[in-house]
Amino acid sequence: MPDALDATPYDALLLLSFGGPEGPDDVVPFLENVTRGRGIPKERLKEVGQHYFLFGGVSPINDQNRALLDALRKDFAGHGLDLPVYWGNRNWAPYLTDTLREMVADGRRRILVFATSAYASYSGCRQYRENLAEALATLRAEGLELPQVDKMRHYFNHPGFLQPMIDGVLKSLADLPEDVRAGAHLAFTTHSIPNASADTSGPVEDHGDGGAYVAQHLDVARLIADAVREETGIDHPWQLVYQSRSGAPHIPWLEPDICDHLEELHGTGVPAVVMAPIGFVSDHMEVLYDLDTEAKAKAEELGLPVRRSATVGADPRFAAAIRELVLERAASERGGDVTLCALGALGPSHDLCPVGCCPARAPKPAAAGADSPYA
């Protein structure tokens with residue numbers, strides 16, 4: 001057993017995720033949680049839920065989080081890091097508030113939060129901070145002692161997140177027919193969000209023209225494309241594209257959509273495409289449906305060979321990266337001189353979200369930031 005690693009002042013790690021239904025009866029209640037406050041009729045939610053019903057009403061995200069939990073606990077134990085790991089979701093069981101209540105009952109007083117979203121955006125960062133604030137408010141109303149909660153920095157450019165994706169793209173290229181492999185294009189995909197949300201993502205100084213959200217994804221795409229070129233000797237053309245749009249048609253969202261992109265590439269004579277979902281931590285429903293179902297159907301209709309590379313999931317290198325991020329933040333909180341690990345042009349992200357970072361659609365309290373009411 002290696003020497004024990006020091007995570008103080010933290011006494012627990014919270015894996016915070018989106019959540020998903022685990023059976024047909026869960027689908028509509030889950031979607032009601034996701035869309036609460038938007039006044040969407042239940043019949044419309046049943047239509048939206050068809051994506052889930054195609055897969056038996058089960059989203060893979062919860063099992064994928066269980067696998068990541070297992071990988072983290074094994075990694076921590078194998079490296080002598082004595083830090084319990086809990087799991088809470090925004091929209092389905094285990095719910096965040098219930099998990100925080102359990103952590104308080106277990107005596108946890110300083111909690112580090114790892115969210116399954118690697119990039120800056122309202123829905124990928126600040127909304128999780130709002131969820132934390134709501135949960136803490138509930139605990140306070142119940143008369144419970146509140147823990148201090150910190151959120152881990154964005155990890156989009158950590159090598160433990162990047163290397164599994166690089167390997168996934170290389171494997172997908174190798175799986176293409178040899179006669180089209182060298183000419184294949186790389187389509188790096190992420191979740192489309194409203195242009196207005198993208199433009200205000202990240203700290204205020206990063207706002208404008210896609211904000212930190214687009215800049216971070218472009219940096220990751222460049223890093224992967226460069227690594228693929230170094231490994232294969234081939235400079236595959238690439239583009240950042242989007243998927244999973246869900247907003248009203250009159251509101252501008254980030255484009256182009258992956259299916260439109262495939263049509264365009266096919267029209268220009270591109271012989272094959274590798275779709276790399278760099279915006280997603282695991283192969284959850286939006287990857288399985290929007291890429292493996294819809295986009296692959298479009299490619300088949302076009303006669304365009306495509307492959308979809310893997311997300312990082314529970315890759316041991318990703319679990320190791322999370323351990324490194326925990327230890328890095330812990331050492332920083334203790335006042336140590338810490339070198340933050342990050343690749344690419346943007347450098348490491350901030351530990352504490354500043355005021356004005358990924359602003360809310362309507363002002364709401366958010367924990368674990370410079371504007372937190374729970375400092």
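The values are calculated or read from the model by the stated rules, or taken from the named source; none is laboratory data. This structure is a prediction, so every number in the text was calculated from the model and none was measured. Because the Cβ atoms are built from the backbone with ideal geometry, glycine has one as well, and the counts that use them run over all protein chains shown.
Restricting attention to segment 191-213, which residues are in contact with a helix residue (DSSP H, G or I) (Cβ under 8 Å, 6 or more places away or on another chain) and part of a helix (DSSP H, G or I)?
Keep residues of segment 191-213 that are in contact with a helix residue (DSSP H, G or I) (Cβ under 8 Å, 6 or more places away or on another chain), which gives 191, 193, 197-203, 206-213.
Result: Ser197, Ala198, Asp199, Asp206, Gly211, Ala212, Tyr213.
Looking only at helices (runs of 4 or more DSSP H) that lie completely in segment 214-305, which have at least 3 residues being in contact (Cβ under 8 Å) with a residue 40 or more places away in the chain and under 29 Å from Asp179 (Cβ atoms)? Explain how you work it out, then say what you get.
On the way: elements: 258-267, 285-289, 296-302.
Fully inside segment 214-305 and qualifying: 258-267.
Conditions first: (1) of a type in the set (Gly, Ala, Ser); (2) in a helix (DSSP H, G or I); (3) surrounded by 20 or more Cβ atoms within 10 Å (Cβ to Cβ). Gly20 passes all but one, so which condition is the exception?
Of (1) of a type in the set (Gly, Ala, Ser); (2) in a helix (DSSP H, G or I); (3) surrounded by 20 or more Cβ atoms within 10 Å (Cβ to Cβ), only one is false for Gly20: (2).
When you go through (1) more than 12 Å from Ile278 (Cα to Cα); (2) of a type in the set (Lys, Arg); (3) over 18 Å from the mean Cα position of the chain (by Cα) one by one for Arg222, which number turns out not to apply?
Every listed condition holds for Arg222 apart from (1).
Determine if segment 328-349 includes at least one residue that is among the aliphatic types (A, V, I, L, M) and assigned to a helix (DSSP H, G or I). Spell out the reasoning first.
Taking segment 328-349 as the starting set, the residues that turn out to be among the aliphatic types (A, V, I, L, M) are 330-331, 338, 340, 342-343, 345-346.
Remaining after also requiring assigned to a helix (DSSP H, G or I): 330-331.
Yes, segment 328-349 contains a residue that is among the aliphatic types (A, V, I, L, M) and assigned to a helix (DSSP H, G or I).
Of the residues Asp70, Asp63, Asp75, which is crowded, with 17+ Cβ neighbours inside 10 Å and modelled with pLDDT of 95 or more?
On the way: Asp70 fails: crowded, with 17+ Cβ neighbours inside 10 Å; Asp63 fails: crowded, with 17+ Cβ neighbours inside 10 Å.
Just one listed residue meets the conditions, Asp75.
From (1) within 30 Å of Leu54 (Cβ to Cβ); (2) of a type in the set (Val, Ile, Thr); (3) at pLDDT below 95, pick out the condition that doesn't hold for Val338.
(1)
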